[in-house]
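Before any comments, here is the structure.
The values are calculated or read from the model by the stated rules, or taken from the named source; none is laboratory data. Note that the structure is a prediction, hence the values are computed from the model and not measured. Glycine also receives a Cβ, built like all others from the backbone with ideal geometry; neighbour counts cover every protein chain displayed. These accessible areas exclude ligands, DNA and RNA; they are computed on the full protein's heavy atoms, side chains included. Shrake-Rupley method; radii C 1.70, N 1.55, O 1.52, S 1.80 Å.
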Amino acid sequence: MAYTDEIRELVWKRNPGEAEFHQAVDEFLNGIEPVVQKHEKEYRDGMLLERLVEPERSISFRIPWVDDHGKLHVNRGYRIQFNSAIGPYKGGLRFHPSVNRSILNFLAFEQIFKNALTGLSIGGGKGGADFDPKGKSDREVMAFCQSFMTELFHYIGAREDVPAGDIGVGAREIGFLYGQYKRLTRQFEGTLTGKGIEWGGSLVRVEATGFGLAYITEELLQYYGNTLQGKTVAVSGSGNVAVHAAQKAEELGARVVTMSDSGGYIYDERGIDIQAVKEIKEVRRGRIREYVDAIPSADYYDGANVWETPCDVALPCATQNELSLDSARLLVKNGVKAVCEGANMPTTLEATEYLLSEKIPFLPGKASNAGGVAVSELEMAQNAMQTYRSFEDVDSQLQSIMKNIFRQLREAAEAYDMKDNFVAGANIAGFSKVARVMKAQGYV
Ligand code: NDP
Ligand code: 2IT
């Protein structure tokens, strides 16, 4: 049996029913197959893949908290510390009712290779809870965050494991989490990133994932002799990643015509008014349908599929598996010229394979959304040195990091005779680095 098939069997057996984790491992193993063939003996002798697919440490804990009516709730929290070969565990926290071990294993696993691609010293981790912040008061969110951190603080630290935001965890939650961390440890240190600018945060971190996605999309289009200028772009989601991807795409001359949330999508032919979306989502914590109250010429499609919108460039920025094979077919039929993932694994495996077979330029999230974690690492570095860098300085480093990621993808794909397959390129480049380091550090 091929070594990669043995690993599939092992992962399936050891993590039964973890569909998202299986999917992430499956795509990864497909991508690295030629590297494994080349180094099979070395990897087998060191049981490299067996070690790679098993988290170094995985913690789950109880989170009791009291709501505004005095009722007690109990949620489950997690932190998956997947791989620390190249640096302290680094990755976001997700608060969403769907959170479970499978979703966090997939996110933490992909984070290993994403973080390797940034060229910075960060390992892979992820965490979160099955808590739904939607509709909760600030006090309830604070109570939850404090209870969550009362367990989590035992396992994290500025040189050990540095969480940040993800779905449902933004500036408000990071503030509450950090306050409790500081109270418990009596340390003011960079153990969380995405902090406020006045208390150790880095400029550009809020924008970084979305901006980075727009920068690398521009890089991809330029490689094919094109640019974002004048392109029609469809964005899904309306959270942190979506808003800033749309903002930078518009700054680069594109017309962004859609944004969405789990309720439906808006279509604005004149180009989405980003300020209006920020007001609804960030200030009022409202729903995307409220956009048509501010911009009556726009349309809202309740419960509809955003990918039915004709576009040149699709930027899925909401959640995993939001872009199905049927949606990919629609995009191709409508003449899409590139698909670049802002979310983690938003495109199903079948849809990804279909887009690649149609020769649609495609960037996988583990490369194209790496700008967020990259600027998180720049925040860690500033905290370690007690310094602050300017917006322009961090933004220009973010641009060079994204350029460098694209170059690694291109070169890795070419080196293994898979020119322009950036999914394989991302897996090969990220994996090759982690594999070299794991070998150097011995059997741990
Ligand atoms: P936010 O919580 O800010 O926004 C999430 C957006 O996605 C919302 O519009 C939300 O709509 C939508 N969404 C979430 N879950 C679902 C669902 N099950 N079905 C439909 N829509 C959904 O999160 P982020 O913008 O931070 O994260 C978006 C994606 O980007 C995630 O995949 C995340 O892992 C990834 N990512 C985030 C980074 C970051 O720095 N924040 C870095 C790299 C990747 P609704 O409000 O209706 O739920
Ligand atoms: O998926 C991701 O890369 C993130 N949610 C950001 C992680 C981080 O540590 O900034």
Run down the lysines and flag those whose C-alpha is under 26 Å from the C-alpha of K439, throwing out any fewer than 8 positions away in its chain. K13, K38, K41, K90, K114, K126, K366
Förster-model FRET efficiency, 22 Å R0, K333 and E411, C-beta, rounded to 0.05: 0.10
Mind grabbing the accessible area of H96 for me, 1.4 Å probe, Å², rounded to tens? 60
Given a 1.4 Å probe, how much area per residue of the chain is accessible, in Å²? 40
Keeping the other protein chains in place, figure out the carbon and sulfur percent of the accessible area of the chain, with a 1.4 Å probe. 49
Computed over all unlike Cα pairs, the Kirkwood hydrodynamic radius of segment 401-444 in Å stands at 10.8
Ordering E110, E392 by the accessible surface of their heavy atoms, 1.4 Å probe, largest first, yields E392, E110
Pop a pseudo-label 7 angstrom from the Cα along the beta-carbon direction at both A171 and V444 and give the gap in nm to one decimal. 3.8
Could you point to the residue in A424, G442, L203 farthest towards the positive end of the chain's charge dipole, with +1 and -1 charges on the Cβ of Lys/Arg and Asp/Glu respectively? G442
Per residue of segment 92-103, what does 6.51 cos²θ - 1.76 cosθ + 1.60 with θ = phi - 60° give for ³J(HN,Hα)? Whole Hz please, x for Gly and Pro, Karplus curve as stated. x, 10, 10, 10, 7, x, 7, 4, 8, 5, 4, 5
Straight-line reach check, K333, cutoff 12 Å on alpha carbons, 8 or more apart in-chain or any other chain, hits among aspartates and glutamates -> E308, D312, E358
Inverse of mean 1/r across different Cα pairs in segment 198-319, Kirkwood, Å: 14.4
Provide Rg and Dmax in Å for segment 250-387, with only Cα atoms included in the calculation. 16.7, 52
For segment 256-403, what is the relative contact order in percent, using Cα pairs closer than 8 Å and at least 6 residues apart in sequence? 16
Dipole magnitude of segment 295-369, debye to nearest 20 (Cβ charges: Lys/Arg +1, Asp/Glu -1, about Cα centre): 280
Rg(Cα)/(2.2 N^0.38 Å) for segment 99-208, N = residue count: 1.06
Please give the charge dipole size of segment 58-116, origin at the Cα centre, charges +1 on K and R Cβ atoms and -1 on D and E Cβ atoms. Round to the nearest 20 debye. 120
Computed on Cα atoms only, the convex hull of the chain has an orientation-averaged projected area in nm² of 20.5
Lys, Arg +1 and Asp, Glu -1 on Cβ, resulting dipole of segment 81-232 about Cα centre, debye, nearest 20: 200
Taking +1 at the Cβ of each Lys and Arg and -1 at the Cβ of each Asp and Glu, which of A367, N226, F131 sits farthest along the dipole of the chain towards its positive end, judged by Cα position relative to the Cα centre? F131
For segment 305-444, what value does the Rg/Rh ratio take when both radii are computed over Cα atoms and Rh is the Kirkwood radius, given to two decimals? 1.04
Among the lysines, which have Cα under 18 Å from the Cα of K248 when same-chain residues fewer than 8 positions away are ignored? K231, K278, K281, K403
DSSP beta bridges in the chain: the antiparallel percent, rounded to 5, is 55
Largest fluctuation, N115, N344, N404 only, Gaussian network model of the chain with Cα springs under 10 angstrom, belongs to N404
For the pair A384 and K13, the simple spin-label estimate (label points 7 Å beyond Cα toward Cβ) gives in nm 4.0
Once you mark the chymotrypsin sites (Phe, Trp or Tyr not before Pro) that are in a DSSP loop and have at most 13 other Cβ atoms within 10 Å, what is the longest gap between them in the chain? 225-442
What spacing in nm lies between the two simple spin-label points modelled at D26 and S262, each 7 Å away from Cα in the Cβ direction? 2.4
Got the relative contact order for segment 102-154 handy, in percent, Cα pairs under 8 Å and 6 or more residues apart? 27
Distance from a point 7 Å along Cα→Cβ of D299 to each backbone N in segment 262-282: keep the residues under 16 Å and list them by number. 264-272
